[in-house]
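In what follows, a structure is listed as structure tokens, so that the remarks can point back to it.
The values are calculated or read from the model by the stated rules, or taken from the named source; none is laboratory data. Quick caveat: nothing in here was measured; it's all calculated off a predicted structure. Here the Cβ positions follow ideal geometry from the backbone for every residue, glycine too, while neighbour counts run over all protein chains shown. Calculation scope for accessible area: heavy atoms of the full protein, side chains included, ligands and nucleic acids excluded. Shrake-Rupley method; radii C 1.70, N 1.55, O 1.52, S 1.80 Å.
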Amino acid sequence: MSDPTATPRAELEPLLATRRDGHGMPRAFYHDDALYAAEMRTIWHGGWLFAGFAFEISQPGDFLTLNVAGSPVLVIRDDRGGVRAFHNVCRHRGTQLCRKEAGHVRAIVCPYHSWTYSRQGDLIACAGMHDGVDKSQLGLKPIRAEVAAGLIYVSLAATPPAFDGLRERFEAPAKPQGFDRARIANVTEYEVEANWKLVWENNRECFHCMRCHPQYVKANFDVYEQEYASEEIRQQMAAAVARTQTKWAAQGIAITHPKGGLAPFPDPDRNTWYAADRTVMVEGFDTESMDGRRVAPLMGDYQDADVGVLRMRSMPNFWVHASCDHAVAARLLPIGPRKTMVRAYWLVDKDAREGNDYQLDRLLPFWQLTNEQDWEICKWQQKGVDSIGYEPGPLSQRKEYNVDAFIRWYLKQMRAGGDEGNALSPLSRGA
Ligand code: FES
Ligand SMILES: [Fe+2]
């Protein structure tokens, strides 16, 4: 499995060591080709990646595809209703098999010479070969796939990290949201002109929110760390927590992050690469919409709007903000040192109908704006950090503790990750 062109970990250490404690990442971290290649092997081919929602492939033969750092992946519902993933690569001469983002197949037929695979990945026909091909040895190469809380995860690692922790963390808080009973109201693919780590750094602080996201800060308490908030804001948060907790405690809907500011994540010291937290919303906001009013029917088990916002995330490629009536998720996939594809999903209840139950012009703007504002910031940050004039500045421990945590998490993965392709990921340790 080792890649002879791969840069050994020891050779990367001098570069990794240039990060100064409490500061941003040095310039080369955001565009160095060897480092980028090592990240793809260690973090992206070594960990668990969100691939899509189980409801997207509800029927046998339904599939979706994604490209993980140059490796095409196929995720398909098999004949027994299970979710499987394969390298989306023909075992004959390697052609990519399924080319669409999503679709339905009776069997997987290679568009080159028609080798045909079942929905379980077995090679069932290679007509015209007449060479005594042992079909049993030439099934599609499997990739590990797991479903938790209606989310599909895949891992390209030969020995994937333990997945049970994520399942345990996600399933209870996500149950009332009903991700398994949802549908996609809209998907937008953003080609963000920034290194994937800039996208995460941006996501991991709300220091920029007051200036860059005027609509977002009206709905959420993210900009108000409790220790530093005014008495008025503290009282508002406490009242919102009390109202929501009392109503929902018996149904397992708990405000797990009642304090304002961002919940700590990731936690490099405990190797925590997934998190689920529920926060309260500002009074007058039932959902993350422009005016705070609901924009779709309630999702899942919710019986009224007062459920705050469920936020789930997993390194290195997923987050979701879920309100009472809709959820907005992001799937990250790097496509180069300076480019990241972000697929944004707007989910509503499976029975909600556009035009009757929701209008896109009310559903989309809140996160459309937030996303576009963030990608613009990331683009300009990439231009700046590419400059020979860039020198990492200090991070605020009050406002950017999660950026610092992300950088330390990243360094830990890179240092522990080994220099073998598909190596055992450090994510597996103690997560
Ligand atoms: S490459 Fe797929 S059948 Fe030849
Ligand atoms: Fe932002």
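No partner Cβ under 4.7 angstrom, meaning no disulfide-compatible partner by this rule: which Cys of the chain qualify?
That list is Cys98, Cys126, Cys212, Cys324, Cys378.
How much FRET efficiency would the formula 1/(1 + (r/R0)^6) give for Glu101 and Ala158, where r is the Cβ-Cβ distance and R0 is 22 Å, rounded to 0.05? Spell out each step's value before the answer.
Details: r = 27 Å, r/R0 = 1.21.
Working from the Cβ atoms, E equals 0.25.
With all distinct Cα pairs included, what does the Kirkwood hydrodynamic radius of the stretch 33-85 come out to in Å, to one decimal, could you say?
Taking the inverse mean of 1/r over all distinct Cα pairs, the stretch 33-85 comes out at 12.3 Å.
If R₀ is 41 angstrom, what is the calculated FRET efficiency for the pair Lys218 and Glu13, using the beta carbon separation as r and rounding to 0.05?
Details: r = 45 Å, r/R0 = 1.11.
The formula returns an efficiency of 0.35 here.
Go through 337-345, 320-328 and give me the packing order, highest mean Cβ count within 10 Å leading. Let's see the in-between values first.
Details: 337-345: 19.8, 320-328: 26.1.
Going from most to least packed, we get 320-328, 337-345.
Based on the Cβ-Cβ distance from Arg234 to Asp33, what FRET efficiency comes out when R0 is 35 Å, to the nearest 0.05?
0.15
If you stretched the chain out fully between Ala250 and Ala127, how much longer would it get, using 0.36 nm times the residue separation minus the C-alpha to C-alpha distance?
Full extension of this stretch gives 38.2 nm more.
Based on the alpha carbon coordinates of the stretch 1-120, what radius of gyration and maximum Cα-Cα distance (Dmax) apply, in Å?
Cα only, the stretch 1-120: 18.8, 56 Å (Rg, Dmax).
Can you tell me the 0 to 90 degree angle between the C-alpha axis of helix 231-248 and the longest principal axis of the chain, rounded to 10?
60
Net charge near Val348, counting Lys/Arg +1 and Asp/Glu -1 over other residues with Cβ under 12 Å of its Cβ? If you can, show how the numbers build up before the last one.
Values: positive: Arg181, Arg183, Arg294, Lys350, Arg353, Arg362; negative: Asp325, Asp349, Asp351, Glu354, Asp357.
Around Val348, the surrounding residues sum to +1.
Grab the other residues whose beta carbon is less than 10 angstrom from that of Ser323, score K and R as +1, D and E as -1, and report the net.
On the way: positive: Arg294; negative: Asp286, Glu288, Asp325.
Once all neighbours under 10 Å are counted, the net charge is -2.
I'd like the projected area of the stretch 266-411, averaged over all directions, using the convex hull of its alpha carbons. Report it in nm² with one decimal. Before the final figure, lay out each step's value.
Details: hull surface 43.7 nm².
Approximately 10.9 nm², given one-decimal rounding.
Of Lys197/Lys399; Lys259/Lys383; Lys141/Lys412, which sit over 26 Å apart, Cα to Cα?
Numbers: Lys197/Lys399 18 Å; Lys259/Lys383 35 Å; Lys141/Lys412 30 Å.
Check vs 26 Å cut-off fails for Lys259/Lys383; Lys141/Lys412.
What size of dipole, in debye to the nearest 20, comes out for the stretch 151-197 about its Cα centre when the only charges are +1 on Lys and Arg C-beta atoms and -1 on Asp and Glu C-beta atoms?
Using Cβ point charges on Lys, Arg, Asp and Glu, the stretch 151-197 gives about 220 debye.
Gap in Å between the Cα centre of the stretch 345-396 and the Cα centre of the stretch 90-169?
With the stretch 90-169 and the stretch 345-396 each reduced to a Cα centre, they are spaced 33 Å.
Where nothing but the Cβ of Lys and Arg (+1) and of Asp and Glu (-1) is charged, how large is the charge dipole of the chain around its Cα centre, in debye to the nearest 20?
Dipole magnitude for the chain comes out near 680 debye.
Could you quote the convex hull projected area for the stretch 189-325, Cα atoms only and averaged over all directions, in nm²?
Reported value for the Cα convex hull: 9.6 nm².
With runs of 4+ DSSP H residues as the only contributors, calculate the mean residue ellipticity of the chain at 222 nm using -39,500 (n - 2.57) per run, divided by the residue total and rounded to the nearest 500.
Calculated at 222 nm, the ellipticity per residue is -7000 deg cm²/dmol.
For the chain, take N as its residue count and report Rg(C-alpha) divided by 2.2 N^0.38 Å.
Compared with the compact-globule rule of thumb, the chain sits at 1.01.
In whole Å and largest first, what semi-axes does the C-alpha gyration tensor of the stretch 155-246 yield when each eigenvalue is scaled by 5 and square-rooted? Walk me through the intermediate numbers first.
Numbers: eigenvalues 180, 102, 54 Å².
Each semi-axis is √(5λ); the values are 30, 23, 16 Å.
Compute the label zone of Asp301 within the stretch 155-190: residues whose backbone N is under 15 Å from the point 7 Å along Cα-to-Cβ.
What the label zone holds, given the 15 Å backbone N cut-off, is 170-181.
Considering just Cα atoms, how many Å³ per residue does the convex hull of the stretch 86-132 enclose? Intermediate values should be presented prior to the final figure.
Working: hull volume 3.7 nm³, N = 47.
About 78 Å³ per residue, rounded to a whole number.
Write down the Kirkwood hydrodynamic radius of the stretch 41-193, to one decimal in angstroms, obtained as one divided by the mean of 1/r over all alpha carbon pairs.
Radius from the Kirkwood sum: 16.5 Å.
Would you work out what percent of the accessible area of the chain, with all protein chains in place, is carbon or sulfur (probe 1.4 Å)?
49
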